[in-house]
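Report on one structure; see the data block that follows.
The values are calculated or read from the model by the stated rules, or taken from the named source; none is laboratory data. Being a predicted model, the structure only gives us computed values, none of them experimental. No Cβ is skipped: glycine too gets one built from the backbone with ideal geometry, and neighbour counts run over all protein chains shown.
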Amino acid sequence: MSAPPLLTLRSASVSFGATRALTEASLELRRGDRLALVGGNGSGKTTLLRLLHGLLVPDADRQPRDGPPRQEHLLQPEGRAPRGAMVFQRPFLLELSARANVLLGLWLQGLPAPLRQQRCAQALALVGLQAQAQRRARALSGGQQQRLALARAWALQPDILFLDEPTANLDPTAQREFETLVQRLAAEGLTLVLSTHQLAQARRLSTRVAYLEAGRIVVERPTAAFFGDPASLPQAARLFLQGELP
């Protein structure tokens, strides 16, 4: 018997004014899943990622301005929304040291000082930035900054790690270093949701692939089936795999 879903999304739509960015999206995430979201620009990948993270709520869950937004689509079996952390394409780092950037998130989470110090040290060690702990975060290289963002996210011990085009601005060496870290976290059982334009990256890092077009999830399959049997995919997904973006 399979474990209950960590997160369930059912027919969720998101609009920005008159623009529908996501339409009737449904999917489930279980612990240990590695889901890659692929599709062209404007296909809805980032909107779906932010919806899953709780940064957006579906149209039907929106409340008047004087009421808090509901997030019923994010309930998990334990009765709480899964804890998520996100690494963005361009990480927002404060004008502080690398160490302070990690500690601040832990302080905001309410952890006691000794545990903050321990978790911070572990996170910097995980990404190989112990020697840069006191350096100004924004003075680090692009690859180091992205690894610092990953350390800051991991330190929060999320149930789900969301990655939004995390290597789009990195050179090949920095990309390989970042992917190696992500693969290590995945091997330890962390649930991942990755938005990427790089099909090779999706193939390397995911166990499932969802292809989006015009705000809709066109198809979702195990990674091996998605890439191994393109003839069985809907036409739009086949064209995407061939490099002919709709």
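Of all the listed residues (A60, A81), the sole one being more than 22 Å from T167 (Cβ to Cβ), in a helix (DSSP H, G or I) and modelled with pLDDT of 65 or more is A60.
Taken together, the residues in segment 134-154 that are buried (at least 17 other Cβ atoms within 10 Å of the Cβ) and more than 19 Å from the chain's Cα centre (by Cα) amount to 2. Annotation note: of G17, G67, G105, G39, the sole residue that is modelled with pLDDT under 95 and under 30 Å from R135 (Cβ atoms) is G105.
Scanning segment 161-175 for residues that are within 24 Å of G42 (Cβ to Cβ) and of a type in the set (S, T, Y) yields one hit, T167.
Of the residues examined, Q157 is not one that is at pLDDT below 95, touching a Ser or Thr at 6+ places or on another chain (Cβ under 8 Å) and surrounded by fewer than 18 Cβ atoms within 10 Å (Cβ to Cβ).
Assigned to a helix (DSSP H, G or I), crowded, with 21+ Cβ neighbours inside 10 Å and among the small types (G, A, S), is that true of A100?
On the way: assigned to a helix (DSSP H, G or I): yes; crowded, with 21+ Cβ neighbours inside 10 Å: no; among the small types (G, A, S): yes.
Criteria not met by A100.
The set of residues in segment 226-246 that are touching an Asp or Glu at 6+ places or on another chain (Cβ under 9 Å), surrounded by 14 or more Cβ atoms within 10 Å (Cβ to Cβ) and either under 16 Å from D164 (Cα atoms) or touching a residue at least 24 places away in the same chain (Cβ under 8 Å) (or both) comprises A236, A237, F240. Apart from one condition, A113 fits all of (1) farther than 23 Å from K45 by Cα; (2) exposed (fewer than 15 other Cβ atoms within 10 Å of the Cβ); (3) under 21 Å from the mean Cα position of the chain (by Cα); (4) among the aliphatic types (A, V, I, L, M); the exception is (3).
Could you go through segment 158-169 and let me know if any residue there is in contact (Cβ under 8 Å) with a residue 12 or more places away in the chain and more than 15 Å from the chain's Cα centre (by Cα). Give the steps one after another, and end with the answer.
Within segment 158-169, the subset in contact (Cβ under 8 Å) with a residue 12 or more places away in the chain is 158-169.
The next check asks that each one be more than 15 Å from the chain's Cα centre (by Cα); those that pass are 169.
Scanning segment 158-169 turns up at least one residue that is in contact (Cβ under 8 Å) with a residue 12 or more places away in the chain and more than 15 Å from the chain's Cα centre (by Cα).
Among the residues of segment 26-40, those identified as under 23 Å from L239 (Cβ atoms) and either touching a helix residue (DSSP H, G or I) at 6+ places or on another chain (Cβ under 6 Å) or free of Cβ contacts under 8 Å to residues at least 12 places away in the same chain (or both) are A36, L37, V38, G39.
Checking T223, T191, T196 one by one, the residue that is buried (at least 17 other Cβ atoms within 10 Å of the Cβ) and touching a Leu at 6+ places or on another chain (Cβ under 7 Å) is T191 and no other. Among the residues of segment 153-181, the ones that are farther than 20 Å from L205 by Cβ and either of a type in the set (D, E, K, R) or assigned to a helix (DSSP H, G or I) (or both) come to 1 in all.
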